[in-house]
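I have placed the structure first, in the form of structure tokens, so that the comments after it can refer back to it.
Computed from the coordinates by the stated procedures, all read-outs in this text should not be read as laboratory data. This structure is a prediction, so every number in the text was calculated from the model and none was measured. Positions of Cβ are generated from backbone atoms using ideal geometry, with glycine treated the same way; all protein chains shown enter the neighbour counts.
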Amino acid sequence: IQEYPIDVQNNQLPFLRNPDILVGENDLTALSYLHEPAVLHNLKVRFLESNHIYTYCGIVLVAINPYDQLPIYGQDVIYAYSGQNMGDMDPHIFAVAEEAYKQMA
């Protein structure tokens, strides 16, 4: 367990922690506490443990560059996201593109 000292003189308390059920959430707006450490921790969990490079923040798509080629842009993935609503499947650039196309049409 890592301990962090609390500066009582400046009355600065540590950031509140999100419940474990929200760890790795695919939409950052679902977090109980939305602050920088919680956002970074969520992105870290999704990227390192689940190998997901995309995360929603409402209607915004956050992407982490994996610095590697990933097999997530093939024709089968395009068909999987075609006709789907933005929140129905895992976050992906194709989900955002599909939603933009629906709104434009």
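Here are the numbers for the structure shown:
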| quantity | calculated |
| --- | --- |
| Dipole axis of segment 1-63 (+1 Lys, Arg; -1 Asp, Glu on Cβ), positive-most option in LEU16, VAL62, THR29 | VAL62 |
| Acute angle (nearest 10 degrees) that the helix 93-104 long axis makes with the longest principal axis of the chain, alpha-carbon atoms | 60 |
